[in-house]
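Encoded as structure tokens, the structure appears first; notes follow it.
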Amino acid sequence: MSSTTSIHGMWSSRLAFILAATGSAVGLGNIWRFPYTAGEFGGGAFVLVYLLCVAAIGIPIMMAEIMLGRRGRQSPINTMCTLAKREGATPAWQLLGWVGILAGFLILSFYSVIAGWTLAYVVQAGSGDFSGINADASAAFFGDLVGDPARLLTWHTLFMIMTVLVVARGVASGLEKAVQFLMPALFLLLLIMVIYAWQAGDFGAAWVYMFQPDFAKLEAHAGEAMLSAMGQAFFSLSLGMGAIMIYGSYLSSQASIGRNVVIIAGMDTLVALLAGMAIFPIVFANGLEPGSGPGLIFQTLPIAFGQMPGGSLFGTLFFVLLVFAAWTSGISLLEPMVAWLVESREFGRPLAAILAGIAVWLLGIACLLSLNLWSEFTVWGMGILDLFDYITANVLLPLGGVAIALFAGWVMHRQSSEQEFNLKPGSPFYLLWRLLIRYLAPISVILVFLDAVGFLDIIIEWI
Ligand code: PHE
């Protein structure tokens, strides 16, 4: 029998779980990463592939990840070990948990640096630095920040401290209350931004850019674009590294997984699309370049705040909420390794959180130096920060996702998953999930991988 509670605590209600999981999913991935990645790949076609990946790959894998977590009720490493034994499979499946820890480690190290930019922007927006700013001045502002290791270090350190503090107190008690009003507030502010962009920006151009797929734009690098769209789906939904798995392990056995996942994935996607609709109109109205890279929102949003009435207030509020969104995601990135340290090393939670936090913080220093002093050092044309971002989102998370799909669909016995979903045998929802998790999700991920390395072209030419 599976245990019904976790030693790390439990969510107090279904709503608490939805909020926490949405807090994990909604973050810099939606508001910072989605617009600039969509911009790099020319908009609409990328957005369409992204949406398809969320629906066909992301949703079934999120259901599987929560299901595994809830059944194992431990950190991803120990959950996979326990479940594999129970299903009569090799405990080597725990490797999935280890890859997840590695991915979480790498992601949080650069995530914290970007969250640090957001913190810095709270102060700048608050001191009225953006008022009347134009595109050039905004770009210079951003350039000054990323060129200054000391400032980056200060903010990165602050963000890591904030994250460690919550994880040290225990996620359920620390996080639940905060997300309850922060998520709705972020949503509201994003809506206001979209309305502003609609009034003051070039909304028509942005709409066409985002929602009228122009596949010609993809042709030159279609494989790379599909891989990035899929990676974005994994990153944005927090899938493939155990964050959602561990949140599932704190979920009561009665809750319906399917319904919760549709809500979480729906909100995550909505926030990403709203972010695009807030940012691209400003990009086009100011003659900026949508493909300008990771600085995109930090260079465009200040222009909007600088022009709109009450901009200093809105700007401050917006960046404060973005910090919170990043914070609730950062917490979920740290939680799997901390839970593992508590279970296996028998550390107290505070000590485990501090040790894991220090390790991530050190790696984050390498990330922030790659933006300035170490910018000459590149691997495959990328600095450390970009490299970590690329490898985690486009390789490690999808790989983790495939492993989760294979375990849930092929290794786990049918009765086990059926029981965990609380569905009647033969329920059409269950059959659909099973079809997606056994075939469509893993095969699509593998095809996208093969396509990105050019393997499909070779095969197609061959036939
Ligand atoms: N989903 C988060 C975001 O969009 C990032 C994240 C990735 C969090 C993986 C946890 C795990 O910002």
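The values are calculated or read from the model by the stated rules, or taken from the named source; none is laboratory data. None of these values were measured; they are calculated from a predicted model. Every residue, glycine among them, receives a Cβ derived from its backbone with ideal geometry; neighbour counts consider all protein chains shown. All accessible areas refer to the heavy atoms of the entire protein, side chains included, with ligands and DNA or RNA removed. Shrake-Rupley method; radii C 1.70, N 1.55, O 1.52, S 1.80 Å.
Checking the conditions here, which among Val113, Val167, Val99 is touching a residue at least 40 places away in the same chain (Cβ under 8 Å), within 16 Å of the ligand (Cβ to nearest atom) and touching a His at 6+ places or on another chain (Cβ under 8 Å)? Testing whether each residue is touching a residue at least 40 places away in the same chain (Cβ under 8 Å), within 16 Å of the ligand (Cβ to nearest atom) and touching a His at 6+ places or on another chain (Cβ under 8 Å) leaves just Val113.
Within the stretch 197-228, the set of residues being in a helix (DSSP H, G or I) and open to solvent by less than 50 Å² (accessible area, probe 1.4 Å) comprises Ala197, Phe203, Gly204, Ala205, Ala206, Tyr209, Met210, Ala222, Gly223, Ala225, Leu227, Ser228. Just one of the listed residues (Asp148, Asp129) is surrounded by fewer than 16 Cβ atoms within 10 Å (Cβ to Cβ) and more than 20 Å from the chain's Cα centre (by Cα), namely Asp148. Set side by side, the residues Ala326, Ala339 differ, and just one is within 15 Å of the ligand (Cβ to nearest atom) and under 30 Å from Asp144 (Cβ atoms), which is Ala326.
Contact map, the stretch 29-48: residues that are of a type in the set (S, T, N, Q) paired with residues that are part of a helix (DSSP H, G or I) and within 16 Å of the ligand (Cβ to nearest atom), Cβ distance under 7 Å, separation 6+ or inter-chain. Pairs shown: Asn30/Ser236; Asn30/Asp268; Asn30/Val271; Asn30/Ala272; Asn30/Ala275; Thr37/Ser228; Thr37/Gln232. So, Phe388, is that one in contact (Cβ under 8 Å) with a residue 40 or more places away in the chain and within 25 Å of Arg73 (Cβ to Cβ) or not? No.
Mind checking which residues of the stretch 335-354 are of a type in the set (Asp, Glu) and either within 21 Å of Gly23 (Cα to Cα) or touching a strand residue (DSSP E or B) at 6+ places or on another chain (Cβ under 9 Å) (or both)? Of everything in the stretch 335-354, just one residue is of a type in the set (Asp, Glu) and either within 21 Å of Gly23 (Cα to Cα) or touching a strand residue (DSSP E or B) at 6+ places or on another chain (Cβ under 9 Å) (or both), namely Glu335. When the criteria are applied in full, Leu322 fails the requirement of being at pLDDT 95 or above and surrounded by 24 or more Cβ atoms within 10 Å (Cβ to Cβ). When the stretch 12-21 is filtered for residues that are more than 21 Å from the chain's Cα centre (by Cα) and surrounded by 15 or more Cβ atoms within 10 Å (Cβ to Cβ), only Arg14 remains. Tell me yes or no: at least one residue of the stretch 214-222 is closer than 30 Å to Arg73 by Cβ and not aliphatic (A, V, I, L, M). There is no residue in the stretch 214-222 that is closer than 30 Å to Arg73 by Cβ and not aliphatic (A, V, I, L, M).
Quick check, is Ile61 modelled with pLDDT of 95 or more, within 14 Å of the ligand (Cβ to nearest atom) and under 22 Å from Tyr390 (Cβ atoms)? Yes, satisfied. Can Phe235 be described as within 14 Å of the ligand (Cβ to nearest atom) and among the aromatic types (Phe, Trp, Tyr)? For Phe235, the condition - within 14 Å of the ligand (Cβ to nearest atom) and among the aromatic types (Phe, Trp, Tyr) - is met.
Let me spell it out: the conditions are (1) free of Cβ contacts under 8 Å to residues at least 60 places away in the same chain; (2) surrounded by fewer than 22 Cβ atoms within 10 Å (Cβ to Cβ); (3) of a type outside the set (A, V, I, L, M), and Gln180 meets all of them except one. Which number is the exception? Failing condition for Gln180: (1).
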